[in-house]
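To keep things clear, I will list the structure first and then write my remarks on it.
FYI, it's all coordinate maths here, none of it is from the lab. A quick note: this is a predicted structure, and the numbers were derived from the prediction, not measured. Neighbour counts run over all protein chains shown; Cβ positions are idealised from the backbone, glycine included.
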There are 2 protein chains.
Amino acid sequence: MDKPNLLVTNSFVKGGLDSLRQYANIYLLDDLDDAALDEVLPSIDCVFVQTWWPDSLTPERVRRMPRLRFVQSGMAGVNHIPFKELGERVTVSSNAGGFSVGVAEYAFALVLAAAKGIVRFDHAVKAGEFKPEDWEKMVHEIMPLRGRTLGILGLGGIGREVASMARAVGMNVIGFSRHPGGDPHVKVYHGSEGMRRVLRMSDAMVISLPLTKLTVGLISGPEFADMKGDAVLVNVARAEIVDEEALYKHLARFPRFTYATDVWQIKRGKESYSSKFPLLKLPNFIGTPHVAGGSSAITGEPGRSATDNLARFLRGEAPRNVVDPSEYI
Amino acid sequence: MDKPNLLVTNSFVKGGLDSLRQYANIYLLDDLDDAALDEVLPSIDCVFVQTWWPDSLTPERVRRMPRLRFVQSGMAGVNHIPFKELGERVTVSSNAGGFSVGVAEYAFALVLAAAKGIVRFDHAVKAGEFKPEDWEKMVHEIMPLRGRTLGILGLGGIGREVASMARAVGMNVIGFSRHPGGDPHVKVYHGSEGMRRVLRMSDAMVISLPLTKLTVGLISGPEFADMKGDAVLVNVARAEIVDEEALYKHLARFPRFTYATDVWQIKRGKESYSSKFPLLKLPNFIGTPHVAGGSSAITGEPGRSATDNLARFLRGEAPRNVVDPSEYI
């Protein structure tokens, strides 16, 4: 039997594909012009979409891949995958876990930078805006970590890693999860009432949930109202989990509340690094350009994790991290 | 016998003095005008200097305190104490340890913020200077923590706390100390050759040494030359431990090297929050206005630590953290 045909989109994770050549013929999307792409489409068995789903794989082209059975996402989030066009015959695996350490380190760094006021203090000094008479007020706005409570929304690979780091600096860690069980060291709450309890108890929070039909707009006005007025909220998941208007109103009303995000609303198919609200002018808003996951790539772990799972599929084994399309369509 | 007379300077740490009233008559410097101060000076047995040594306690006034036997510093650093005027009859205790947790948390937050590029990424996004085409370069400049080496210069209370936090996120921790022994989990190097080895091996470094005759200008040109070109150096001790000109030259030459400091050169008796070199314009310089120690005060721990030690002296017990004046004069 011929080897299956694998189409690899984007070239961000270079190398690492060699281990797959024993199982599949590999086509790189970047090497194919429109005509060549159209020629190989009917023979493609699986797609490795390394970052965002590419514009060139239009719904019309997806329909011209009748042999397609498997899509491996290079990212942990799969909300960009066109589940509707892929239909029920295609299995989609996320790269959950592949980024856990790097993203958790970044999330934890955002928690600490926000809790300690580093970004705004550095800005005040550099802009010549620091006034010695404000010093005592400033130091009282710095959050001690030891003994404070970190709430983790979503206890997947990233959430569990953050929990471990936070416990090590003496924080109490609680979590919100859909699933029972989880981390034995973390008190986990479930359901909407459970989430409210986490929001109310936490001094700092990390969002590490997937973006699904269930989580889009999950954090809106009522949820902000449940949070402490001087809490820290970190988002390393997807911007759309937080309602942007409610966020802006909350930050404007509670200047000691800090929102630190690495993720941004998608506009016209791309992350915007901006907001229709004047969020970026607020000193209690910290924003970085979705670098947490990318930084993991240095270690090679996300690439290994994704290609290992692809190899499982190509060898006829059951792939891991299969997602439920009904949560996304 | 009459109770000893205690002069308390500055009123930063309010409260907490009540526990000392059973042992001493307390005079608050802020309550005394010049005439009243001059009247009590001859009867003062000990001084609690809560922050910097006050201008009003001039050398001439120090000479008018013949009964003075003990000075308790509210700060961990004692380089501001006028050891020469105090002479050999006065014992000086630092507040080493009182700030350990708060300063260590802050130092660790600076390490993480610098390693992950949070300050400059946030600045780039907010200034509209982030270019998507720079993204891949940017993410490759983010330092993973797990498996990297943190070098701690000075393994007192702060250094040991930082070591514990860094190990918990999977960093290898090494240290430089004058003293043998120390933390069993940290490989400690001694002497000037030992310090060079720490500088050469470390991906990130924290300075948590006292400022003494031995450490002033300790980190200068040759020491920077020993460091990795993309390392992180955090200073939560005293600015004068680092030669400012050598620092500026190093940061200008190695844009991927980051210096993050909470401490500043003393100019005309005050911390300057500025530099005669254009340090503050460099994107690889992070500076915050000496808030790490102050932030500890929220927990009350520094005040407790200092007053506990004062109580030891006042009860006739041997005070802890006695400093060697010969290291400062």
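Overview of values
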| quantity | calculated |
| --- | --- |
| Convex hull of Cα atoms in the range B:242-307, direction-averaged projection (nm²) | 5.7 nm² |
| MRE, 222 nm, helices only [DSSP H, n ≥ 4, -39500 (n - 2.57), over the protein assembly as shown, to nearest 500] | -9000 deg cm²/dmol |
| Cleavage-rule hits (trypsin sites (Lys or Arg not before Pro)) in the range A:161-218: DSSP loop, at most 10 neighbouring Cβ within 10 angstrom | A:Lys213 |
| Net charge of neighbours whose Cβ lies under 13 Å from the Cβ of B:Ile219, counting Lys and Arg as +1 and Asp and Glu as -1 | -3 |
| Relative contact order for the range A:100-295, counting Cα pairs under 8 Å that sit 6 or more residues apart, in percent | 20 percent |
| Of all DSSP beta bridges in the range B:100-293, antiparallel share, percent nearest 5 | 10 percent |
| Whole-Hz couplings from phi, Karplus 6.51/-1.76/1.60, listed for the range A:61-67; x for Gly and Pro | 6, 4, 5, 8, 10, x, 8 |
| Over the range A:1-116, equivalent-ellipsoid semi-axes from the Cα gyration tensor in Å | 30, 16, 13 |
| Per DSSP, loop GluC sites (Glu not before Pro) in the range B:92-168 with at most 13 further Cβ within 10 Å | B:Glu129 |
| Cα Rg over Rh - chain B, Kirkwood | 1.02 |
| Cleavage-rule hits (trypsin sites (Lys or Arg not before Pro)) in the range A:282-329: DSSP loop, at most 15 neighbouring Cβ within 10 angstrom | A:Arg315, A:Arg320 |
| The range B:312-321 - phi-based ³J(HN,Hα) in whole Hz, Karplus 6.51/-1.76/1.60, Gly and Pro as x | 4, 4, 5, 7, x, 8, 6, x, 8, 6 |
| Rounded to 10°, Cα long-axis angle of helix B:191-201 versus longest principal axis of chain B | 40 degrees |
| Amide H partners (placed H, <5 Å) of A:Met205, local residues excluded | A:Gly151, A:Val232, A:Leu233, A:Val234 |
| Bridge type composition, the range B:187-316 - antiparallel percent by DSSP, nearest 5 | 15 percent |
| A from B by rotation - nearest chain B beta carbon to the axis, in Å | B:Ala168, 1 |
| Long-range amide H partners of A:Phe48 with built H, under 5 Å | A:Leu7, A:Val8, A:Thr9, A:Gln72 |
| Under-5 Å amide H pairs with A:Thr261, H placed in peptide plane, nonlocal only | A:Asn235, A:Ile286, A:Gly287, A:Thr288 |
| Equivalent ellipsoid dimensions for the protein assembly as shown as semi-axes, Å, which come from the Cα gyration tensor, largest first | 54, 25, 21 |
| Whole-Hz couplings from phi, Karplus 6.51/-1.76/1.60, listed for the range A:26-42; x for Gly and Pro | 9, 10, 9, 3, 5, 8, 9, 7, 4, 5, 5, 4, 4, 6, 7, 3, x |
| Coarse-grained scattering of the range A:141-290 at q = 0.11, 0.18, 0.19, 0.21 Å⁻¹, given as base-10 log I(q)/I(0) from a Debye sum over alpha-carbon atoms | -0.39, -1.07, -1.19, -1.44 |
| DSSP beta bridges in the protein assembly as shown [antiparallel fraction, %, rounded to 5] | 5 percent |
| Taking N as its residue count, the alpha carbon Rg of the range B:185-225 over 2.2 N^0.38 Å | 1.18 |
